[in-house]
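Undergrad: Provided herewith is a single structure, encoded as structure tokens, for subsequent inquiry.
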Amino acid sequence: LPRPRACPGAPAGLASDADAEALVAAEAVRLVRRDAVEHPVKGGQKPAGFVEALPTFSDDALAAAKRLVLDEAGSPKPDDADAFSAAWAARDAASLYLPTEGAAGTVGDASAPALVAAHKSAFEATRAQMAKGAQRAARVEARVAEKVEPLVREAEELREGLDAGAAALDKAAIEAACYLRLYKVERRTLPARLEKARFRGKA
């Protein structure tokens, strides 16, 4: 049980014919009061007056009590997760909050004006949630843009550098091809030109 900050007072004496709900309520009060003493919380209020110790039971006594409960309740039916899920889904689909009533209700029991108010309230809540999500997305987008902007600028500078380097490489490749062609031509024609130059020098 959660430990409350303000513990309820001890119940008055129970009548001999007290019903089960009163007995359970009295036991719950004793449990909470004892738990507040043994496990106090910071700022919590300690229960006033004497707090009785909780009784202890042996494992055999607990097992016997469990058998009595099972005998009274009958044989438990095996759990059917699919049936439970289907029943829960049907109940959940038929349930809605009725603002005009200030409480939850079912579609079949609600009046037409109450259903209109409920659907309007659900629509407004969904729209408010969407607006909140959009604002959060805008803030996240702004932060991402702020973080990414230097990277985008650096990438653009690198792209421009790569483009300039590629252009310089193409120009160098063209010039190298031209010089190679010129070298091959000069290599073939240079001996004849030198020989003509020597002949003219002797004449």
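The values are calculated or read from the model by the stated rules, or taken from the named source; none is laboratory data. Values in this document were obtained by computation on a predicted structure and should not be read as measured data. Note that each Cβ is placed from the backbone with ideal geometry, even for glycine, and that neighbours are counted across all protein chains shown. Protein only, heavy atoms only, side chains kept; ligands, DNA and RNA dropped before computing areas. Shrake-Rupley method; radii C 1.70, N 1.55, O 1.52, S 1.80 Å.
Undergrad: Which pairs turn up if I take residues in the stretch 27-50 that are open to solvent by less than 70 Å² (accessible area, probe 1.4 Å) and look for partners that are in a helix (DSSP H, G or I) with beta carbon separation below 7 Å, at least 6 apart in sequence or on another chain?
TA: Partner pairs satisfying both residue conditions: GLY44/ALA36; PRO47/ARG33; PRO47/ALA36; PRO47/VAL37.
Undergrad: Next question, about the same structure. Tally the residues that are open to solvent by less than 60 Å² (accessible area, probe 1.4 Å), outside any loop (DSSP other than H, G, I, E, B) and touching a Leu at 6+ places or on another chain (Cβ under 8 Å), restricting the search to the stretch 99-114.
TA: Count: 3.
Undergrad: Listed residues ALA122, ALA90, ALA134; which is modelled with pLDDT of 90 or more, assigned to a helix (DSSP H, G or I) and under 32 Å from the mean Cα position of the chain (by Cα)?
TA: Details: ALA122 fails: modelled with pLDDT of 90 or more; ALA90 fails: modelled with pLDDT of 90 or more.
Only one candidate passes the filter, namely ALA134.
Undergrad: Something else: Looking only at residues in the stretch 57-86 that are at pLDDT 80 or above and hydroxyl-bearing (Ser, Thr, Tyr), which one is surrounded by the fewest Cβ atoms within 10 Å (Cβ to Cβ)?
TA: Checking each candidate, the answer is SER58.
Undergrad: If you scan the stretch 44-77, which residues turn out to be closer than 24 Å to VAL29 by Cβ, within 43 Å of the chain's Cα centre (by Cα) and part of a loop (DSSP other than H, G, I, E, B)?
TA: Across the stretch 44-77, the qualifying residues are GLY44, GLN45, LYS46, PRO47, LEU54.
Undergrad: Among all residue pairs at least 6 apart or on different chains, which show Cβ distances below 6 Å where the first residue, located in the stretch 59-74, is aromatic (Phe, Trp, Tyr) and the second is assigned to a helix (DSSP H, G or I) and surrounded by 10 or more Cβ atoms within 10 Å (Cβ to Cβ)?
TA: Going by the 6 Å Cβ cut-off, there are no qualifying pairs.
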